[in-house]
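Reviewing the structure listed below.
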Amino acid sequence: MAHACYVCSFYPVPDGEGIECPHCHRLQYGNKCPKCGQNAPTRVRDFRVYCTACNHERGALSGGGITMPISMVGKPSQFGGIASKILGTGVIAVTLLLVTLVTLAAVSFSSAILGALAVILGTFGSVAGFLLFRGGNKLEQQGTRAQHDAREQALIAAARTRGGFLTAADAAGVLEVQVAEADALLTQIAKEGQRAHVEVDRDGVVKYVFHDAAPVHVAATTAAQPNVTGVRVDVDAATVVGQPIDHKEAARQQVDREFEELKKTRAAKGE
Ligand SMILES: [Zn+2]
Ligand SMILES: [Zn+2]
């Protein structure tokens, strides 16, 4: 089975955990949610697994076919990487100590053999330490990348079930991280500019609008937010920050403006 890439819509990307999109190179997580139809990462609460996008329960934690929860993606690599770096640092420290001692002994006994031993120890120890450290660094980076991609995927999928946008608080709930951390990730995605931009509504609420996150239909009982009509608060052109608005976005804003007009008309009639 295959799916369209959640970021660039390239097709086909093979299903599976951590498979890279051949086009945009984002790692893909999560199999298809039967409720919202998205390849969204999952999350665990009380030993039950839920869809990060629509909150639909996917089954027990021990159940078959359940994918790695979002809080765990990249963690084994990150921990392994850190452990390897610590080990590498330790090897270098021990090597330094041994080389110093053997060199001192070589000098005091005027021993060429001990001198050679110091050189051999120094060479092998530093190479081993360096390789461990570099490998650990790489592993840690892989983990960080996997975590970033899974989080980004979860945010896009979640935006689709919430009218196409997220606030930092929404994102924090989806990713199970602090609001500041969620906000930083959203800001980074918005800065890259291809997938989202920032809008501030009239109440001063900062919203991250995802360009390709046209709302998907989610049954009202599981939709985790009230904006099921998909109608957004109108945004004054001057407050739109960031990337140019595409046609879909322009059409959407047109609808929003008309909706606002309708509301005003109704209010004037006293309805
Ligand atoms: Zn892609
Ligand atoms: Zn879902």
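The values are calculated or read from the model by the stated rules, or taken from the named source; none is laboratory data. Every value quoted in this text rests on a predicted model; they were computed, and no experiment measured them. Cβ coordinates were reconstructed from backbone atoms using ideal geometry, including for glycine residues, and neighbour counts include every protein chain displayed.
Scanning the stretch 72-85 turns up no residue that is within 16 Å of ligand 2 (Cβ to nearest atom) and not in a helix (DSSP H, G or I). Scanning the stretch 1-17 for residues that are outside any strand (DSSP E or B) and either within 9 Å of ligand 1 (Cβ to nearest atom) or surrounded by 17 or more Cβ atoms within 10 Å (Cβ to Cβ) (or both) yields Ala4, Cys5, Tyr6, Val7, Cys8, Ser9, Phe10. Of all the residues in the stretch 43-88, those that are in contact with a helix residue (DSSP H, G or I) (Cβ under 9 Å, 6 or more places away or on another chain), closer than 27 Å to Ala159 by Cβ and of a type in the set (Ser, Thr, Tyr) number 3. Pairs meeting the criteria (first residue in the stretch 22-36 and at pLDDT below 95, second residue part of a loop (DSSP other than H, G, I, E, B) and basic (Lys, Arg), beta carbons under 8 Å, at least 6 apart or on different chains) are lacking.
Only residues that are within 15 Å of ligand 1 (Cβ to nearest atom), touching a Cys at 6+ places or on another chain (Cβ under 7 Å) and not in a strand (DSSP E or B) were counted in the stretch 27-53, giving 0.
Of Gly173, Gly125, all but one fail to be modelled with pLDDT under 95 and either in the same structural domain as Gly88 (by TED's automatic domain parsing) or surrounded by fewer than 20 Cβ atoms within 10 Å (Cβ to Cβ) (or both); the exception is Gly173. Specify the residue that is farthest from ligand 2 (Cβ to nearest atom); the eligible residues are those in the stretch 7-21 that are touching a strand residue (DSSP E or B) at 6+ places or on another chain (Cβ under 8 Å) and free of Cβ contacts under 8 Å to residues at least 24 places away in the same chain. Ranking the candidates gives Glu20 first. Here the condition is being in a helix (DSSP H, G or I), small (Gly, Ala, Ser) and either in contact with a Lys or Arg (Cβ under 8 Å, 6 or more places away or on another chain) or within 16 Å of ligand 1 (Cβ to nearest atom) (or both); of Gly115, Gly136, Gly122, Gly129, it holds for Gly136 alone. The sole residue among Gly81, Gly59, Gly90 that is touching a Lys or Arg at 6+ places or on another chain (Cβ under 9 Å), not aromatic (Phe, Trp, Tyr) and not assigned by TED's automatic domain parsing to the domain that holds Gly164 is Gly81. Would you pick out the residues in the stretch 152-208 that are at positive phi and touching a strand residue (DSSP E or B) at 6+ places or on another chain (Cβ under 8 Å)? Those that are at positive phi and touching a strand residue (DSSP E or B) at 6+ places or on another chain (Cβ under 8 Å): Gly164, Glu176.
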